[in-house]
1. Would you mind telling me which numbered condition in (1) over 24 Å from D40 (Cα atoms); (2) assigned to a loop (DSSP other than H, G, I, E, B) L605 fails?
2. Which one is farthest from the chain's Cα centre (by Cα) among residues in region 39-50 that are more than 15 Å from H258 (Cβ to Cβ) and not aliphatic (A, V, I, L, M)?
3. I'd like the full set of residues that are out of contact with any Asp or Glu (no Cβ under 8 Å at 6 or more places or on another chain) and either buried (at least 19 other Cβ atoms within 10 Å of the Cβ) or free of Cβ contacts under 8 Å to residues at least 40 places away in the same chain (or both), limited to region 554-576.
4. Return the residues of region 179-235 that are of a type outside the set (V, I, T), part of a helix (DSSP H, G or I) and surrounded by fewer than 16 Cβ atoms within 10 Å (Cβ to Cβ); say none if nothing qualifies.
5. Sort out which residues of region 132-172 are among the acidic types (D, E) and over 22 Å from V67 (Cα atoms), and write them in order of number.
6. Can you name the number of the only condition in (1) within 28 Å of L541 (Cβ to Cβ); (2) touching a residue at least 40 places away in the same chain (Cβ under 8 Å); (3) part of a helix (DSSP H, G or I) that A243 fails?
7. Scan region 136-153 and tell me whether some residue there is under 29 Å from the mean Cα position of the chain (by Cα) and of a type in the set (S, T, Y).
8. Suppose we keep only residues that are of a type in the set (D, E, K, R) and over 30 Å from P475 (Cα atoms) within region 316-343. Which one would you say is farthest from the chain's Cα centre (by Cα)?
Amino acid sequence: MRRLHFLHFLPFLLCCFASLALAADPPAPTVTDFALFTHDGRLIRLSEQRDVPVVVLYSHAVGCPIVRQQLPELAALERELPGQVRVLLIDAAAGDERGEVGRELAELKSGLSVLMDDSQCVAEDLGYVRSGEAVVVTTADLRLRWRGPVDDRLGYGAQKPKANRAWLREAVDAVLAQQEPPTGQPAVKGCAYTFQQARDKHRPDYAKDIAPLLTRSCVDCHSDGGIGPFAMDGHKRVAGRSAAMREAILAKTMPPWHADPAHGRFANDRGLSPADVRTLVHWIEHGAVIGAGDDPLAKPRAPMAEWPLGPPDLIVDLPEQAIPATGTLPYRKASVSVALPKDRWVRAVDLRPSSPQVLHHAFAFLAGEQDEDQIEDIASRMTANQLERVRAEMKRRGISPEDIKKRQAGGNRQQGLTTFFASYVPGQQILPFPEGTGKRVPADPTFDFQLHYTTSGAAVVDRPRLGLYFHRQPPARELKVTSAFQMRLDIPPGARGVPAEAERPFQEAVRLFALSPHMHFRGESMRFTARLPNGKEELLLSVPDYRLDWQATYVLAKPKDLPAGTVIRVEGTYDNSPWNDANPDPGAQVRFGEQSSDEMFIGYLVYTPAAKPK
């Protein structure tokens, strides 16, 4: 009887389960994280907008009549829901440039940010085909909750006095209230996008297009023993990591090149152009196939020489560094004294690890070396406690204030504040100093080293070494490193966009070769501007996405000659908020200090004076 009773109700139960299955909504699709440069040179990453629960992504195009009329409504939405909604405009219109975007925003008095989708890959991922479409995303999970028009007021060549439905506002209100957004929205009206290489038709070739691109920008780190988490040693390995590669490319976390391409050209640029991004992303989206022909990445590579420039004239061996398998490591320091009978001029340096998979970056300093032109500036920035110690020391020893200032400036406490001798970052190409230049090393020097290690899952011992290559004759010009720096830092808990700035005047004509920003984990951005004696300004370098983990020196593709009286202004910002994933303590009041939990603000400048050294 029980068996018959169950069978009697089975059709009814199946209908119920089927109804429940049909009633259950499918999960909202996930939006791939992305980062884009804005029209005014900032970098905005979608995953870093978690300070608001909802972001509206709106497809933009310069000159589109519908977009122009909807900008005030979008600005009002953000203004009326402070702390709840952020509106980001995404411009994927082929040919739109930052300058004209900025001019139109100024004309329309819009305070919104336009993100320039030069590769058009973000627009493709979001499914945009025209301007005027709004996409509502919840930032906690990057889920796409709704898409459609702002309202029904505007049409092609026609408009209503007032909208019947404010579709976007209804959708945002519903999502904020954790309710279902409206349905039945009409098709979006706007200006159709022209895709430069439409995804369905653009099928890059692995051997001709992909392998050379990876070799140029990625393989130096992604090789056996390199710091990359996997070796790009053939198609099989690359294809197996292609989904992760796509995510990293769209989010601009890889390759590690953080300069804004709109300002400056650099000899060591390892970044991806918009065309490069499009090529890699489309190849991955089409299945990352190998195609016909040989696999260029699988060909045996000649083993890298221990010293690419040949055997050094002098090798400085650092103490062995035991690196554990896991964990986060504080910066390490080491000092090595060298027996050198006389001063020497150096034409090249090569600071290198024996285990590159764990050394993330390193600096070498000549102990006590400082830029003499900066010493007075350092002294003027001393804190009250420092000055009190100076006065006590002066009274005890009966020496001059100038001597104390120099001793305070040259001490280890401010190591590297104004200069450095050599640096190491993964994948950097080792080159001699510019022709006719060199660095002076005094007799019997002591080198101080700062080493930043990361763990790799296996315990290793690293044996770093510094190789020096000597000139046979003194060079025509001394290659120097100076800086613009700021010690008066006071970053409030939880604050974003906290500004800092510093200047370095040049009283003599100089030739500038390279620039390098240095901050710690809360560093957000830095830019270098040359203010010439005639009042004109030139932006030399902008790094809107500064990362302590990638200490880069940006080598100018063409050295810059600067006249006497030029001032280099360095401006930057800090992010001490919980939304900065690298922040060690968002609740801390942060000031200047050497530890990575403190902050620094240094803009290094590599240059030669116009005059010959004496």
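The values are calculated or read from the model by the stated rules, or taken from the named source; none is laboratory data. Keep in mind that what you see is a predicted model, and the values were worked out from it rather than measured. With ideal geometry, Cβ positions are generated from the backbone for all residues, glycine too; neighbour counts draw on all protein chains shown.
1. Looking at each condition in turn, L605 falls short on (2).
2. The extreme case among them is R50.
3. Of everything in region 554-576, those that are out of contact with any Asp or Glu (no Cβ under 8 Å at 6 or more places or on another chain) and either buried (at least 19 other Cβ atoms within 10 Å of the Cβ) or free of Cβ contacts under 8 Å to residues at least 40 places away in the same chain (or both) turn out to be Y554, V555, L556, L562, T566, N576.
4. Matches in region 179-235: K208, P212, R216.
5. Of everything in region 132-172, just one residue is among the acidic types (D, E) and over 22 Å from V67 (Cα atoms), namely D141.
6. Evaluating A243 over (1) within 28 Å of L541 (Cβ to Cβ); (2) touching a residue at least 40 places away in the same chain (Cβ under 8 Å); (3) part of a helix (DSSP H, G or I) leaves (1) as the failure.
7. Scanning region 136-153, I find at least one residue that is under 29 Å from the mean Cα position of the chain (by Cα) and of a type in the set (S, T, Y), so the answer is yes.
8. In this case the residue turns out to be E320.
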